[in-house]
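Chemist: The structure follows.
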Amino acid sequence: MIRYITILSFFLFSNLINAHQVDLSTVVLVEKENNTWILQVRAPLTAFQQEIKIHYAKTPYESPDEFKEMVLAHLRKNISLVFNGNQSLLLKKGFVKLGHETNVVFEVDTIPEEIKDLVVKNTSFQNIYKSKSALVILKEGFSKKKFVINSDNNYSLELKTEGNQFIEKSINKNKTEVKLNAFFILFFVFVIVSIVLYKKQKRELILG
């Protein structure tokens, strides 16, 4: 079953990632039967190598098996999914298939049957310049949609369910808009005050 889902997700989302582009990765959360799930991470081998080199510089790997164990540990530390406000994803047994495009699959536990909201954080490749990760959730009866995790959203997304789909919450967007509006207002006030002070100073110089 895992092999079937892996092949299926590869064909569905292979256009999202190019093995020569080290900054691109894909994370797919897939529901199987009986509310069991798997989490799949696909990325160029060079992306994993760069991150492992940074985080395990003091204990470099000496074999492919050691490298695989470091990859699993690295992803467990840097991928976080929290459901319904308090139920965190648990990445259990995992395996790594090395290749030009490396594939990592975890068995997943503790996902609630009814998902109301979901917070996803993935900092696995944040040290890679302009890194971005495509997130796809494949749940029975839900429409498929791609989300992007990158530095613009601090490698974190807040999603909620609406009908039979996952949608992105507008909280972060609203905060960004408020910050931008406040910046422009302050800038406008600064310009007006500067003009008034300049004119006042100029008038005082003329009047002597």
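Chemist: Determine which residues of the range 134-159 fall in the zone a paramagnetic label at Q21 would reach in this model, i.e. backbone nitrogen under 19 Å from the point 7 Å along Cα→Cβ.
Modeler: Backbone N within reach: 134-137, 145-156.
Chemist: Between I185 and Q165, what is the spin-label point distance in nm, taking each point 7 Å from the Cα along the Cα→C-beta axis?
Modeler: That separation, rounded to one decimal, is 3.3 nm.
Chemist: Can you tell me the length gained on complete extension of the stretch Y129 to N84, counting 0.36 nm per residue apart and subtracting the Cα distance?
Modeler: In short, 13.0 nm is gained.
Chemist: Moving to a separate point now. Residue by residue through the range 125-138, what is 3J(HN,Hα) from phi via Karplus (6.51 cos²θ - 1.76 cosθ + 1.60, θ = phi - 60°)? Round to whole Hz and write x for glycine and proline.
Modeler: Karplus values, whole Hz, x for Gly and Pro: 10, 5, 7, 8, 4, 6, 5, 8, 10, 8, 9, 10, 10, 9.
Chemist: Contour minus end-to-end for D65 and K93, with contour as 0.36 nm per residue of separation and end-to-end as the Cα-Cα distance?
Modeler: Extra length from D65 to K93 when fully extended: 8.6 nm.
No lab work stands behind these numbers, since they all come straight from the coordinates. As the structure is a computational prediction, the values presented were derived from the model and not from experiment. So basically every Cβ, Gly included, is an ideal-geometry build from the backbone, and we count neighbours across all protein chains shown.
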